[in-house]
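I'd like to ask some things about the structure below.
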Amino acid sequence: MKKIEITKPVLKYYSAEAFKTLRTNLQFCGADKKVIVFTSCTENEGKTQVVLNLGISLAEIGKKVLMIDADLRKSVLLGRVKATAEIKGLTHFLSRQESLNDVIYTTNIPYFNMIFAGPVPPNPAELLSGNYFSQMIETLRDSCDYILIDSPPLGSVIDSAVIAKQCDGAVLVVESGWNSWRFEQEIKDQLEKAGCPILGAVLNKVDIKKNGYGKYGKYGKYGKYGA
């Protein structure tokens, strides 16, 4: 594995507390829920930032966390963490250009490792549905407490449903007031058809002044995670 320096997001107190609560709720889902895919209905609902902050929060209590950026079509993770190195990513591994060990990066945050997406391939859904991806997940299970997979919006492409088949649970990140209830139900139904248990939803970008969520900040009073 290679090591990189990343810029850790700076959270306000209220957001940090919300992620601690989200972290606790995830732990109460059970020890068998360790490979978890995160998706959203549409772009820009804050999914990547939620996965990143949750992963760091879990690492801070000594959990071995691997964050996998599986948004092979339009990744934003590199820009969020401001990594200072040339990166080999998931597409390099799935296309057999690099070994698995060469695309896993340890970070300056103890217990927090990452696999970045890599360059945009011509066939992302095919790569994610292939044997190499499923074998990779099974190989990594024993070395991690949690594998958090950031996937594309399910309302735009099918990739998240493909990934969900290899996961123990799914979480839907929903921007407050952005999508219709009916559309969100359609996305939920798609995840259920993949046979992956839905652990809950994260209500993101809440206007606390408008909605009165109080001191727990923009991620909602309790992170809105669970049933």
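The values are calculated or read from the model by the stated rules, or taken from the named source; none is laboratory data. None of the values given here were measured: they were computed from a predicted structure. Using ideal geometry, Cβ is built from the backbone for each residue, glycine included, and neighbour counts are taken over all protein chains shown.
Given the conditions (1) out of contact with any Pro (no Cβ under 8 Å at 6 or more places or on another chain); (2) within 20 Å of residue 116 (Cβ to Cβ), report the number of the one that residue 47 does not fulfil.
Looking at each condition in turn, residue 47 falls short on (1).
For the structure I just gave you, tell me whether residue 157 is surrounded by fewer than 23 Cβ atoms within 10 Å (Cβ to Cβ) and modelled with pLDDT under 95. Step through it out loud before you land on a result.
Values: surrounded by fewer than 23 Cβ atoms within 10 Å (Cβ to Cβ): yes; modelled with pLDDT under 95: yes.
So residue 157 passes the test.
Can you say whether residue 50 is hydrophobic (A, V, I, L, M, F, W, C), crowded, with 17+ Cβ neighbours inside 10 Å and farther than 24 Å from residue 161 by Cα, as far as the supplied structure shows? Lay out the reasoning, then the answer.
Numbers: hydrophobic (A, V, I, L, M, F, W, C): yes; crowded, with 17+ Cβ neighbours inside 10 Å: yes; farther than 24 Å from residue 161 by Cα: no.
When the stated conditions are applied, residue 50 does not pass them.
I need the full set of residues from the stretch 6-56 which are of a type in the set (D, E, K, R), in a loop (DSSP other than H, G, I, E, B) and either under 22 Å from residue 192 (Cα atoms) or free of Cβ contacts under 8 Å to residues at least 60 places away in the same chain (or both), in order please.
Start the filter on the stretch 6-56 by keeping residues that are of a type in the set (D, E, K, R), which leaves 8, 12, 17, 20, 23, 32-34, 43, 45, 47.
Now restrict to residues that are in a loop (DSSP other than H, G, I, E, B): 8, 12, 32-34, 43, 45.
32, 33, 34, 43, 45, listed by residue number.
Hey, residue 87 hits all of (1) at pLDDT 95 or above; (2) more than 14 Å from the chain's Cα centre (by Cα) but one; which does it fall short on?
So residue 87 meets the others, but not (1).
Tell me the helices (runs of 4 or more DSSP H) entirely within the stretch 97-195 that contain at least 2 residues that are within 16 Å of the chain's Cα centre (by Cα) and of a type in the set (Val, Ile, Thr). Outline the logic, then answer.
On the way: elements: 100-103, 124-128, 131-141, 159-164, 181-193.
It comes to 159-164.
Looking only at the stretch 190-205, which residues are modelled with pLDDT under 85 and farther than 19 Å from residue 157 by Cβ?
203, 204, 205, listed by residue number.
Would you be able to say whether some residue in the stretch 94-103 is closer than 22 Å to residue 154 by Cα and of a type outside the set (Gly, Ala, Ser)? Before the answer, list the steps.
First, pick out the residues of the stretch 94-103 that are closer than 22 Å to residue 154 by Cα: 94.
Now narrow it down to the ones that are of a type outside the set (Gly, Ala, Ser): 94.
Among the residues of the stretch 94-103, at least one is closer than 22 Å to residue 154 by Cα and of a type outside the set (Gly, Ala, Ser), which makes the answer yes.
Does the stretch 107-120 include one or more residues that are surrounded by 18 or more Cβ atoms within 10 Å (Cβ to Cβ), without any contact (Cβ under 8 Å) to a residue 24 or more places away in the chain and farther than 30 Å from residue 176 by Cβ?
Scanning the stretch 107-120, I find no residue that is surrounded by 18 or more Cβ atoms within 10 Å (Cβ to Cβ), without any contact (Cβ under 8 Å) to a residue 24 or more places away in the chain and farther than 30 Å from residue 176 by Cβ, so the answer is no.
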